[in-house]
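Participant: Shown below is the structure under consideration.
The values are calculated or read from the model by the stated rules, or taken from the named source; none is laboratory data. Quick caveat: nothing in here was measured; it's all calculated off a predicted structure. When we count neighbours, we look across all protein chains shown, and the Cβ atoms used for this are built from the backbone with ideal geometry, even at glycine. These accessible areas exclude ligands, DNA and RNA; they are computed on the full protein's heavy atoms, side chains included. Shrake-Rupley method; radii C 1.70, N 1.55, O 1.52, S 1.80 Å.
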There are 2 protein chains.
Amino acid sequence: MAYTVGQVARVAGVTVRTLHHYDGIGLLSPSGRTPAGYRRYNDADLQRLQLVLYYRELGFPLEEIAAIIDDPAADPAAHLRRQHELLTVRIKRLQEMVTAIEFAMEASKLNIQLTPEERFEVFGDFEPEEHEAEAEQRWGDTDAYRESNRRASRYGRDDWLRIKAENEDWGRRIVALLASGAPADSPEAMDLAEEHRQIISRWFYECSYEVHTGLADMYMADERFTSHYENIAPGLAAYLNEAIHANAISRA
Amino acid sequence: MAYTVGQVARVAGVTVRTLHHYDGIGLLSPSGRTPAGYRRYNDADLQRLQLVLYYRELGFPLEEIAAIIDDPAADPAAHLRRQHELLTVRIKRLQEMVTAIEFAMEASKLNIQLTPEERFEVFGDFEPEEHEAEAEQRWGDTDAYRESNRRASRYGRDDWLRIKAENEDWGRRIVALLASGAPADSPEAMDLAEEHRQIISRWFYECSYEVHTGLADMYMADERFTSHYENIAPGLAAYLNEAIHANAISRA
DNA sequence: CTCCCGCCTGCCGTTACGTCAGGGTCAAGC
DNA sequence: GCTTGACCCTGACGTAACGGCAGGCGGGAG
């Protein structure tokens, strides 16, 4: 029913010094002391310690942990639910890192060179939530968006490598075409626009000509997309936009 | 091809100060400087940074990370394999925490009270590896051991709750019997011994009478087991041992 | 009564940065 | 050519979460 520091430390897998520290900062003070001044922990203290350790494992600073635990509006069950949720989020994050590693392993086997952005995708501050929120706002709750998400979540590393390879191949060809001076409404340019549409259809969602031109206009309106294409080759964004429109008109 | 601190920081999701720090301690010094003294990072630096961040995420101290990365006997592929392995270990650990949480949620729903040991199972220093290594040494590569492991790995929280409940029920009854003064070779004691054998058979592995008596002797020889039973009630370990032997003889 | 282990309270050390302070740099715009 | 704002530099001190040690009391086994 009552435990000394050493016993608590052993069963909880922490050091005595840690318990002293938690006592010192008021995060976990034992419910009592012996006449000699020895700390005595009871079951309630252990329960609290368990909460502390879980939240600590999840990366919270101790001060915040104190606030969370002392929140009067949180019963034990609420903590369990919360920790469960946080744990699954962390696991998901680590699994993303695993797929990133697997991706890199595949890429290195195939001698594909990763860009810095790809390298740090899992760390970078592109903030998937932000991204996703923006995409949702922009795309709305359209069928295409949901379809894309549904399909994308099914792809494995091999698929992504294929997509990447296809995309890079296509990119090289349109850059070459732009450099060659062929106009954006030339048959070659329109063919590449058509190919772009089919890549999207094959891998992400059914992309009609109408949807395709809408996509092209969005590319132009969104600085993030234009800068992406402009970085590949200056003038490419506008060139692609024009080619997509020409293609849609000629095939309609 | 060459990046400033700020650019590197943004893409890698760290602060500029962190890069300064890594430079300061020699963990990651940029390959060059501009005439004005600005740090210039190239692709190789970014690659190294990526390694650093992965190992950091995995909880390694920076000094150790430097040693790992500068290990001449580790090519990029080896790092990928290593990180992959470490990540899966961490994921497994977190998943154990999840099952522990789920276990606690179930237990709290059913109003079952957890013991401190159970509470800290996932943290405690019982060191599963140590445990497992010992069990393997002790049990050898027996069929029973493998069977037990195979079955145990299939159980979910509900199963464990059932096992726990059954076990506690059995425990209460044998403690009561011991307290009642019934001798260890009384029919009641032998019935409880038989029940013990069947619990093991049902949940873990086929437990013959011979195996059962062997198990009982091992309990007696192993201080960890005896102290477990002695903690429940003094004299219980020896009582159970005797009852199991009596039961095996009478049914043989 | 002694011995050894466990507990106590300072107090300084360490890791991995955060956070200014004080001062140069660079590209853009007037 | 000059300003301006964003970006870079080097100290230097601060912080969180303990680790580790010193110096001293407590307590039960022999």
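Participant: So, in region B:53-65, of the ones that are within 16 Å of DNA strand D (Cβ to nearest atom) and more than 14 Å from chain A (Cβ to nearest Cβ), which residue ends up most open to solvent (accessible area, probe 1.4 Å)?
Facilitator: B:63
Participant: Now for a different question. Are any residues in region B:32-52 surrounded by 20 or more Cβ atoms within 10 Å (Cβ to Cβ), of a type outside the set (D, E, K, R) and within 13 Å of DNA strand C (Cβ to nearest atom), and if so, which ones?
Facilitator: B:49, B:52
Participant: Okay, moving on. Can you list residue pairs whose Cβ atoms sit under 7 Å apart, with the first residue in region A:1-26 being within 11 Å of chain B (Cβ to nearest Cβ) and touching a residue at least 12 places away in the same chain (Cβ under 8 Å) and the second being in a helix (DSSP H, G or I) and near DNA strand C (Cβ under 9 Å from one of its atoms)? Count only pairs 6 or more apart in sequence or on different chains.
Facilitator: A:8/A:19
Participant: Would you be able to tell me the number of residues in region B:66-82 that are open to solvent by 30 Å² or more (accessible area, probe 1.4 Å) and either farther than 15 Å from residue B:54 by Cα or away from every other protein chain (no Cβ under 11 Å) (or both)?
Facilitator: 6
Participant: Quick test for you: out of A:8, A:16, pick the one residue that is within 11 Å of DNA strand D (Cβ to nearest atom) and more than 37 Å from the chain's Cα centre (by Cα).
Facilitator: A:16
Participant: Let me ask something else about it. Restricting to region A:37-52, name every residue that is within 11 Å of DNA strand D (Cβ to nearest atom) and of a type outside the set (Phe, Trp, Tyr).
Facilitator: Listed by number, the residues that qualify are A:37, A:52.
Participant: Separate question: Test residue B:91 against the criterion of being at the interface with chain A (Cβ under 10 Å from one of its Cβ atoms), surrounded by fewer than 19 Cβ atoms within 10 Å (Cβ to Cβ) and away from DNA strand D (no atom under 16 Å from the Cβ), and give yes or no.
Facilitator: yes
Participant: Here are the criteria: (1) open to solvent by 40 Å² or more (accessible area, probe 1.4 Å); (2) closer than 24 Å to residue A:181 by Cβ; (3) modelled with pLDDT under 65. Tell me which single one residue A:226 does not satisfy.
Facilitator: Residue A:226 satisfies every listed condition except (1).
Participant: On to the next question. Within region A:100-111, how many residues are assigned to a helix (DSSP H, G or I), of a type in the set (A, V, I, L, M) and more than 7 Å from chain B (Cβ to nearest Cβ)?
Facilitator: 2
Participant: Can you confirm whether region A:59-70 contains a residue that is more than 15 Å from DNA strand C (Cβ to nearest atom) and in contact with a Phe, Trp or Tyr (Cβ under 7 Å, 6 or more places away or on another chain)?
Facilitator: Yes, because at least one residue in region A:59-70 is more than 15 Å from DNA strand C (Cβ to nearest atom) and in contact with a Phe, Trp or Tyr (Cβ under 7 Å, 6 or more places away or on another chain).
Participant: I need every pair where a residue in region B:33-50 that is in the same structural domain as residue B:17 (by TED's automatic domain parsing) and under 18 Å from residue B:72 (Cα atoms) has its Cβ under 7 Å from the Cβ of a residue that is part of a loop (DSSP other than H, G, I, E, B) and within 14 Å of DNA strand D (Cβ to nearest atom), sequence separation at least 6 or different chains.
Facilitator: B:44/B:31; B:45/B:28; B:45/B:30; B:45/B:31; B:48/B:28; B:49/B:28
Participant: Still on this structure, I have one more. For region B:1-31, how many residues are more than 19 Å from residue A:118 (Cβ to Cβ), more than 13 Å from DNA strand C (Cβ to nearest atom) and open to solvent by less than 30 Å² (accessible area, probe 1.4 Å)?
Facilitator: 1
Participant: Looking at this structure, is residue A:34 out of contact with any Gly (no Cβ under 7 Å at 6 or more places or on another chain), more than 12 Å from DNA strand D (Cβ to nearest atom) and among the hydroxyl-bearing types (Ser, Thr, Tyr)?
Facilitator: The answer is no for residue A:34.
Participant: Of the numbered conditions (1) at pLDDT below 80; (2) open to solvent by 80 Å² or more (accessible area, probe 1.4 Å); (3) more than 28 Å from the chain's Cα centre (by Cα), residue B:213 fails exactly one; give the number of that condition.
Facilitator: Result: residue B:213 fails condition (2) only.
Participant: Right, here's the next one. Give the residues of region B:172-184 that are part of a helix (DSSP H, G or I) and either free of Cβ contacts under 8 Å to residues at least 40 places away in the same chain or crowded, with 16+ Cβ neighbours inside 10 Å (or both), sorted by residue number.
Facilitator: B:172, B:173, B:174, B:176, B:177, B:178, B:180 - these are the residues of region B:172-184 that are part of a helix (DSSP H, G or I) and either free of Cβ contacts under 8 Å to residues at least 40 places away in the same chain or crowded, with 16+ Cβ neighbours inside 10 Å (or both).
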